[in-house]
1. Hey, what angle do you get for helix B:119-140 against the long axis of chain B, alpha-carbon based, 0 to 90 degrees rounded to 10?
2. If I model a spin label at A:His217 and B:Ala69 as a point 7 Å from the Cα along the Cα→Cβ vector, what separation in nanometres do I get?
3. Of all GluC sites (Glu not before Pro) in region A:45-108, which ones are in loop regions per DSSP and have a Cβ with at most 10 other Cβ atoms within 10 Å?
4. Using a Förster distance of 51 Å, how high is the FRET efficiency between A:Ala82 and B:Phe58, based on the Cβ-Cβ distance and rounded to 0.05?
5. Kindly sort B:Asp96, B:Asp59 by accessible area of their heavy atoms, largest first, with the probe set to 1.4 Å.
6. Under 1.5 on a/c is rounded, so check that first for region A:111-214, then, if it is not, pick prolate when a/b is larger than b/c and oblate when it is not; a ≥ b ≥ c are the square roots of the alpha carbon gyration tensor eigenvalues.
7. Mind checking which of A:Ile132, A:Leu237, B:Ser31 is farthest towards the positive end of the protein assembly as shown's charge dipole, using Cβ charges of +1 (Lys, Arg) and -1 (Asp, Glu) about the Cα centre?
8. Given only helices, namely DSSP H runs of n ≥ 4 each adding -39500 (n - 2.57), what is the per-residue ellipticity at 222 nm of the protein assembly as shown, to the nearest 500 deg cm²/dmol?
Amino acid sequence: MRCAISSSKLKKKSNPAVNVIDLKFYYGDNLALNGITLDISEKMITAFIGPSGCGKSTLIRCLNRMNDLIEGVRIEGCIKIAGKDIYDPAINVTELRKRVGMVFQKPNPFPKTIYENVVYGPRVLGVKKKSILDDICEKALTRAALWSEVKDRLHFSALELSGGQQQRVCIARAIAMEPEIVLLDEPCSALDPIATAKIEDMLVELKKDYTVVIVTHNMQQAARVSDYTGFFMMGELVEYDETTELFTKPKKQRTEDYITGRFG
Amino acid sequence: MVREAYHKALKELQDDVLEMGKLVSQAIQSSIEALKTRDIETSKEIIKKDQEINRMRFDIEEKCIVLIATQQPLAVDLRTLTAILSIITDLERMGDHAEGNAKINIMIGEEPLIKPLVDIPRMGEIGIAMLEKSLKAFIERDVEAARRVCNEDDKVDALHDQIYHELLLLMMNNPKIIHLATYLTWVSHNLERIADRVTNIAERTVYMVTGEMEELNVSKY
Ligand SMILES: Nc1ncnc2c1ncn2[C@@H]1O[C@H](COP(=O)(O)OP(=O)(O)OP(=O)(O)O)[C@@H](O)[C@H]1O
Ligand SMILES: [Mg+2]
């Protein structure tokens, strides 16, 4: 298994891919994010951890405006990707979601073949040539560390795959869009340790080309794969630091209590 | 509070370290007492008891490994476990130094001491006091107390210098006692090493609490 430690030890600072500035998010009257400010580094893995309901999913859904689909929500503050405010009315949301891909907790492949799942996005965007689609499919599945397992059954239904394989199809589907940023909300929570390890290895490989943001309840997973970790509690960012620092010597007592299980 | 069993196990491990420290401190104490009173039986006893110290070290180490494997400790808990692993190694070595003193006593055997022992017991007393303070600082997570312990190492170093020169003079004046004087320099050396290892315990304590590695006292030796 690959390890993220070596890269984060270098304390290599990369440019921020995303700037979140004093972000407040309301579901109706319920304040779910209370003034979050953080930068997400380019081509690094950033993990968000924290107790259930602290706002991790809300935050990552803000990054590709997935929350727009929910009734009665309100957002204040600002999120910039590559320097541009993504909530600017001039922004094309479809284009944004192409640049910021998302993978969910439960694998949700379409009831189509593996191949059709992966090339779905490019097809919608108008790519028609079979040779190009084939190429996209192979590249994305290779990136998602699934190619060798499925290359002989690309035209079988994705629903016939195991959970871990389905999740990697979903990751391949996200990558096939050539996003700049990949968001993953608890992508391994339904997977066994082997499938989890494969996805973790793949994430470390992915960050060569992509900025990765992962929400996880598995602190060991955050520790294994991420370069930076943010700890959230009740809609607030309590601590945000290099992962090795946060897990060996957190600066805030609330972080310490949470990660050592003295919380609650 | 969640993870009660885990935190209880961590607490028990710290008690085990304290227990092991007591055995080591007793071993040092009686090794010097035996030397002073020419008590060969006690020295043999110390050598036997060192087995118990060694075994205890492995027991504690094993418990640490099991906790690391099963509980994935993080942050202060992780630092506590690594501190314990380091401290028990130092304690085990201190036990060996005490055992070394016991063996020297046996080697001296029936021969009379070449001088009344004053500075050597003094060194031992300071070392034992340092050991006890360092373990108290560890248990109480008292960084200031840990730092203070390290300053006392200078006294032990100074005594070691003094004893060494005194014994050198005795040897020059009377070559017949060279072997006996050499034995005593070994004892002094063992005690100097013990105090030095106490400073390691104090350094680990500071690391455990603050997360910072600090070299607190660079020994002369
Ligand atoms: N669609 C929604 N409508 C109304 N309130 C919501 C909605 N989604 C989340 N919330 C509320 O917002 C807060 C943050 O929820 P969010 O899903 O972001 O938490 P989370 O950190 O992802 O938790 P978990 O670890 O359980 O997934 C919670 O109080 C939750 O009840
Ligand atoms: Mg969530």
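1. Around 0 degrees separate the two axes.
2. Result for the modelled spin labels: 2.7 nm.
3. Those that pass, being in a loop and sparsely packed, are A:Glu71.
4. 0.35
5. B:Asp59, B:Asp96
6. Note, shape of region A:111-214 comes out oblate.
7. A:Ile132
8. Result for the protein assembly as shown, helices only: -19000 deg cm²/dmol.
The values are calculated or read from the model by the stated rules, or taken from the named source; none is laboratory data. Being a predicted model, the structure only gives us computed values, none of them experimental. Here Cβ is always computed from backbone atoms with ideal geometry, including for glycine, and neighbour counts include all displayed protein chains. The protein model used for the area step is the full one, side chains on, heavy atoms only, and it has no ligands, DNA or RNA in it. Shrake-Rupley method; radii C 1.70, N 1.55, O 1.52, S 1.80 Å.
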